[in-house]
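First the structure, in the form of structure tokens, and then the observations on it.
Nothing in this text is a laboratory measurement; each read-out follows from the coordinates by a stated rule. Since the model is a prediction, treat every value here as computed from it, not as a measurement. Methodologically, a virtual Cβ is constructed for each residue, glycine included, from the backbone with ideal geometry; neighbour enumeration extends over all protein chains shown.
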Amino acid sequence: MNLPNRYFAHDPAQQALAFRLYESIKTLPLVCPHGHVDACLFADADYHFGNPVELLIKPDHYVLRILHSQGVAYEKLGIPAGGGTAVEQDPRRIWQIFADYFYCYAATPTGLWLRDELAQVFDIDEALNSANAQAIYTAIQVQLSRAEFTPRQLYQRFNIAVLCTTDSAADDLAQHQQIRDSGWEGHILPTLRADSIVHIDRPDWPAEIERLAAAGRNEIHDFSSFLQAVEARRAAFKEMGATATDLGVVTPEAVPLPAAEMEVLFQKGRRGQISAQEAGLFEAGMVMELARMSSEDGMVMQLHVGAYRNHDQALYANAGPDMGADFPIPVEFTRPLQPLLNRFGNHENFHLILFTLDETTYARELAPLASYYPALKLGPPWWFNDHLNGMQRFFEQAIDSGGLYNTVGFNDDTRALLSIPARHDLWRRASANWLAGLVLRRIIDEESADEMMKALTCGLAVKAYGLEGYVPAEARIR
Amino acid sequence: MNLPNRYFAHDPAQQALAFRLYESIKTLPLVCPHGHVDACLFADADYHFGNPVELLIKPDHYVLRILHSQGVAYEKLGIPAGGGTAVEQDPRRIWQIFADYFYCYAATPTGLWLRDELAQVFDIDEALNSANAQAIYTAIQVQLSRAEFTPRQLYQRFNIAVLCTTDSAADDLAQHQQIRDSGWEGHILPTLRADSIVHIDRPDWPAEIERLAAAGRNEIHDFSSFLQAVEARRAAFKEMGATATDLGVVTPEAVPLPAAEMEVLFQKGRRGQISAQEAGLFEAGMVMELARMSSEDGMVMQLHVGAYRNHDQALYANAGPDMGADFPIPVEFTRPLQPLLNRFGNHENFHLILFTLDETTYARELAPLASYYPALKLGPPWWFNDHLNGMQRFFEQAIDSGGLYNTVGFNDDTRALLSIPARHDLWRRASANWLAGLVLRRIIDEESADEMMKALTCGLAVKAYGLEGYVPAEARIR
Amino acid sequence: MNLPNRYFAHDPAQQALAFRLYESIKTLPLVCPHGHVDACLFADADYHFGNPVELLIKPDHYVLRILHSQGVAYEKLGIPAGGGTAVEQDPRRIWQIFADYFYCYAATPTGLWLRDELAQVFDIDEALNSANAQAIYTAIQVQLSRAEFTPRQLYQRFNIAVLCTTDSAADDLAQHQQIRDSGWEGHILPTLRADSIVHIDRPDWPAEIERLAAAGRNEIHDFSSFLQAVEARRAAFKEMGATATDLGVVTPEAVPLPAAEMEVLFQKGRRGQISAQEAGLFEAGMVMELARMSSEDGMVMQLHVGAYRNHDQALYANAGPDMGADFPIPVEFTRPLQPLLNRFGNHENFHLILFTLDETTYARELAPLASYYPALKLGPPWWFNDHLNGMQRFFEQAIDSGGLYNTVGFNDDTRALLSIPARHDLWRRASANWLAGLVLRRIIDEESADEMMKALTCGLAVKAYGLEGYVPAEARIR
């Protein structure tokens, strides 16, 4: 795909300057501090992907939900969802449906990522459509079968410097151990995701607590031993290279609760007798506890805020989570986070990165907060906001109050390894285009633009996540 | 008015491409699936409009409120509003006031619509001002008096393919019957608006229930017979060509309530003894019932959300509703609509179109929801958001997550027949300009732009409202 | 700094037209209807500023908080904040820190204001950095020491026509009296800020009530005599030239409460026994009372809405308010203001100007409300929104519904006298650029643009604040 100026403004001066900025960081590696690629892809040196449908459609809720919105039943895509329809078994027929509806992805980020991915990873320049669907399926399949098409070799080919996975706190990190033991030179680091042990009213919470205990060989019988087990897992993750933790919450409430009160809630959770309101309180208490732990062990705390999960309860019951039926709600940060920021916001060993699905909070709350509290930094556009318009809005709404240096660069946040270069490329182009516009309007000078371009590409992420050890000097900032 | 490139970006390449796209759909008809033109205009083949003030000022709350905001009393505009001032009787003096303040409409959509309307419908190219006010009044009056200046002939001249009115559920559709009986070839379809029968605490609700019963020759004595009467009216509307219903709500709460509970609320309403909170509950229950009915009879359900009505209570008491004192409030869709979407969102015979006055919901909630639930589509910018900036924001905030094909094209939503071409023209130009920008940034190719331009002009509206029977093949999409 | 087209779009036609519009109002004076410059600067004819740190860093929370966000302790900036670090005494070392971090201000309004201020006021064209920090410190210090570098002479040099300060209702206006007595021809007008007497649960409220009583030589023993004392201060402010009052509130609740109920709350406040909830009620009652007073004495009522103050309680305890730890929250205007607007919104002697920190309210609530109620006008982008992007959003979100003539032009809202020209210049450039874009898209004609440019520069502010007496005819609008 020979579109060297794609995504830049059409104005020739802006396009030329954006292109120069983009080219200036072309050799910098991809830094991937937060994402969902499965460590198992790297644990096995000879791992190969399945067919194009298993690679590109079934696991990608971005792709699935647009097909579903057009009335395509999940069963037609090979996914049992309790709909009564027969589950399609033939990947080529599923691929054909996808191609038939590919026009619906026009101007969506999923459409752009896939176009770039086909071109850059698979050397396919044609736009997917009903007529060429089967030929493109074949072309992808051929590539997937090649000996060198393994995750480890793609990691090198993509010039990835470090890639962080997301792992349950209860995970024993066996695959990460396997990667380490293999002697491979890639850097795959775990990230401790606390959701499954914090969301106390989920049906699988008691089992997760068992798994947590087993992973660390701890006994968990009360809130205090639970906290010790969490701290033990944090230490184990850190030992395995982790620099960060993560937690998803609907609203960012943080409430300091006495240990005795947390104990009562914890025991109710163990008995499966906790109300939704009590579970919310437990969660708000755990947000404080996790912040305290971060301030002690120095691991970066990430909070992903505002996703209301499993909205379509029938889908959830039949097909499980992460199928595309999660939706944002309005959120506030200023008041809910006050207890946490008052206790830890000025703590020099505490690092908090906030992600929002509610863009109205960029200018109203997040940039002002991040431009005061030293512990706080603002994460890039996430999920429904991870696209060209979302990035432009982020730049135009999150920088004025706080400055660029209170943000953390890019997260690809994907489970799709093959889409990683396309996602970073889009961010780099959006960044270059924004900076070029600032230079032409004389808001910044070109020297600042060069420095900010490097920061956006690698430096901010490296610094925020403490990944200096994995990148060359030119990928770091002061 | 010789401004062929008006509203397009100034960049020559974008302007040229936008113009080409705009020209490509020039011959496509106007499709008007939702609006407030009175059917009586078409029932009488010889209907003529009154004077320019009765046509352009008095019935248009967009016009009135800006004059009012500048301190012009409603009485000075010929409208008794309890203000104590004498009510102006001379339309030429009212017109003069309007002209004196016309500079206040600069850069407002009302200013643009009127400029286009004067130019295209009345051949008046001058900008209205104090000096030319009376001459322009005369020029308009001359046109209005011409024999061919009837709504039916304007319908043809404007190239309207189909025009949907909005009618109370309690309406007997006599005027629609008269249009049908007249044998005229225009397509004027009713839309069932449920507001007056759902808002149970309005003073005129009991009378509306009587009118509802009379219209369908039903007996209404309890909630069950009320529902039957509503279903009977829906059938009658459908028989008269209606494909859609409508309801305005402040917040989009949908609550499944047992019939027995609805019965209690219904009887309280009949006795005029229902509290505001109970009325809200009844409304939330009715939203579920109306969704259920839509899933059964296939009529599209429209929800217009977020207008707080009759804010200026003195104005309401003296001059009635729709005088310009309705204002938006913040709204949420994700959680309030969950019960409805869980029950009907995947139902293949259910079609829901959402309209919002809170633009923050485009990217945060509506596009994500519409890009998952097959029953749900997103309506265009409405009311306070129906202008060039509002359209641009809609394109930039509602398409990335959901794709264009989960939206429904344009609604002119006006009671002003003569403004309809100007409103559609503005939408077409905004669409062409947006698509041209996408092509130049290599986000879509020109072939997609052509297809999307046609969809935005007619195809999406035709499909969403089931109006295929009224348009030529090139006005439809796959 | 030879950047005559700075901040304009890069498109040559837009740049040229914006420049022409900008030049057309170049000789118009600066009108400053709302700000925080201390009257004492003008009371003493020979007032001189201290060193660059005392002038530019210590009093400016915009500057401080970005340094703090990067981990610089307030003590390192010479400010005792209870942090345990030694308080830096050497201004040159503080200045060096500021210069070291100046790259963090890239693309922030503070960075732009300072760049312009250095260039225009101090003739320093170099960008501040670590290497030139001390030389620039010296250059500023030399200027500050010059005999003609007094506030009064800067007022003339800056071509200020009128400058309004902000003064506690309890202030005795001694400095304003001193300015008046001095016979100096500048116009420094007080503004009555009611915060300290309205926020009844603040620890210093009883003392403020004493001060209020003393200032007006009133006895205050109950709510009624409190109101009389407030009215007396309003009269005294008006006599001293004030045309406006101000109040900061977290949410814009206005509740009409019986005097007896206010009396109870007032006495609780006097005893220091009022709850946060009761204090909120008292405040909502006072908003109504202040509106009533404004409708009686004709002083403009300003409401600054949405700042949650003193978020970092430790900083507040140690260093006091206005240190950079105030943050916005989401707000609503439509319903909370209904009681006030129903009572006074159509009153011809009442004038209310609203300021918001929540930009989502521009299009959703404020523009619709201001384009109906004649008493209501919309203030310009405030605080965290006072920058190029914020102005552009204001123009694109607040004008369509309401028109430009329901807004009030610019407020510099600063305590930094030397930044005033830079702030107005930025607004004028943003205005010219916006208008040029409208002309090129044929949304307005060039004649309207000229008129609107004048209105944005002076006319709207002059009219809204009743400052006609201080400006030449060309600075007024119809």
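Can you give me the C-alpha center-to-center distance between the range C:22-87 and the range B:416-478, rounded to a whole angstrom? Rounded to whole Å, the Cα centres lie 53 Å apart. Taking a ≥ b ≥ c as the square roots of the eigenvalues of the Cα gyration tensor, an a/c ratio below 1.5 marks the protein assembly as shown as rounded. Over all Cα pairs of the range B:48-148, how is the pair count split among 10 Å bins, expressed in % and running from 0 up to the last occupied bin? Per 10 Å bin, starting at zero, the Cα-Cα P(r) for the range B:48-148 comes out as 15, 51, 29, 5, 0 percent. Using θ = phi - 60° in the Karplus curve 6.51 cos²θ - 1.76 cosθ + 1.60, the 3J(HN,Hα) couplings for the range B:297-308 round to 9, x, 6, 5, 9, 9, 10, 9, 10, x, 8, 8 Hz; x is entered for Gly and Pro.
Between A:Gln70 and C:Cys40, the C-beta separation translates, for a Förster distance of 56 Å, into a calculated FRET efficiency of about 0.25. Under Stokes-Einstein, with the Kirkwood radius over Cα pairs standing in for Rh, what whole-number D in µm²/s applies to the range B:358-448 at 20 °C and 1.002 mPa s? Translational diffusion coefficient: 155 µm²/s. Farthest towards the positive end of the charge dipole of the range C:327-442, among the residues C:Asn346, C:Leu376, C:Trp427, is the Cα of C:Trp427, using unit charges on the Cβ of Lys, Arg, Asp and Glu. Remark: chain C carries a charge dipole of roughly 500 debye about the Cα centre, counting +1 on each Lys and Arg Cβ and -1 on each Asp and Glu Cβ. Between C:Arg442 and B:Tyr7, the built amide H atoms are under 5 Å apart, and every one of these is 5 or more places off in sequence or on another chain. With the contact rule set at Cα under 8 Å and sequence spacing of 6 or more, what percent relative contact order holds for the range C:213-305? Relative CO of the range C:213-305 lands at 39 percent.
Counting from the shortest, the label point at C:Ala314, 7 Å from Cα toward Cβ, is 5.3, 5.3 nm from the same position in each remaining copy.
Computed over chain B, the per-residue total of -39500 (n - 2.57) for DSSP H runs of n ≥ 4 gives a 222 nm mean residue ellipticity of -13500 deg cm²/dmol, rounded to 500. With respect to the axis relating copies C and A by rotation, the chain C residue whose beta carbon is closest, plus that distance in Å, is C:Thr360, 3.
For the protein assembly as shown, DSSP calls about 10 percent of its internal beta bridges antiparallel.
Here the 3J(HN,Hα) profile of the range B:146-160, calculated from phi with Karplus coefficients 6.51, -1.76 and 1.60 at θ = phi - 60°, is 5, 4, 7, 8, 9, x, 5, 6, 5, 3, 5, 4, 6, 6, 7 Hz, Gly and Pro shown as x. Shielding by partners for peptide B:436-443, expressed as the average number of C-beta atoms from other protein chains within 10 Å of each residue's C-beta, is 6.
Could you name the lysines in cross-link range of C:Lys76, using Cα to Cα under 20 Å and dropping any fewer than eight places away on the same chain? Cα-Cα hits under 20 Å: C:Lys58. Peptide C:10-20 shows a mean partner chain C-beta count of 3 within 10 Å per residue C-beta. Amide H contacts under 5 Å for A:Tyr308: A:Phe327, A:Ile329, restricted to partners 5 or more places along the chain or on a different chain, H placed in the peptide plane at 1.01 Å from N. Across the copies of the chain, B:Glu210 has label points (7 Å from Cα along Cα→Cβ) spaced 6.8, 6.8 nm apart, shortest distance listed first.
When the pairs A:Lys238/A:Lys454; B:Lys238/B:Lys463; C:Lys238/C:Lys377 are compared against a 25 Å limit on Cα-Cα distance, A:Lys238/A:Lys454 fall above it. Dipole magnitude for the protein assembly as shown: about 1260 debye, using +1 per Lys or Arg Cβ and -1 per Asp or Glu Cβ, origin at the Cα centre. Per residue of B:61-72, other chain Cβ atoms within 10 Å of the residue Cβ number 4 on average. For C:Ile160, nonlocal amide neighbours, meaning residues 5 or more places apart or on other chains whose placed amide H falls under 5 Å from its own, are C:Leu30. Taking only the Cα atoms of chain B, the radius of gyration and Dmax are 22.5, 66 Å.
Across chain B, Cα pairs under 8 Å and at least six residues apart give a relative contact order of 20 percent. With the simple model of a label 7 Å out from the Cα in the direction of the Cβ, B:Asp123 to B:Asn349 spans 5.4 nm.
Projected label points at A:Ala276 and A:Glu231, each 7 Å from Cα along the beta carbon direction, are separated by 3.5 nanometres. Applied to the range C:56-71, the Karplus parametrisation 6.51 cos²θ - 1.76 cosθ + 1.60 on θ = phi - 60° returns per-residue 3J(HN,Hα) values of 10, 10, 4, x, 10, 5, 4, 6, 4, 5, 5, 4, 4, 4, 8, x Hz, with x for Gly and Pro.
Distances between equivalent label points of A:Asn129 across the copies, with each point positioned 7 Å along Cα→Cβ, amount to 5.3, 5.3 nm, shortest listed first.
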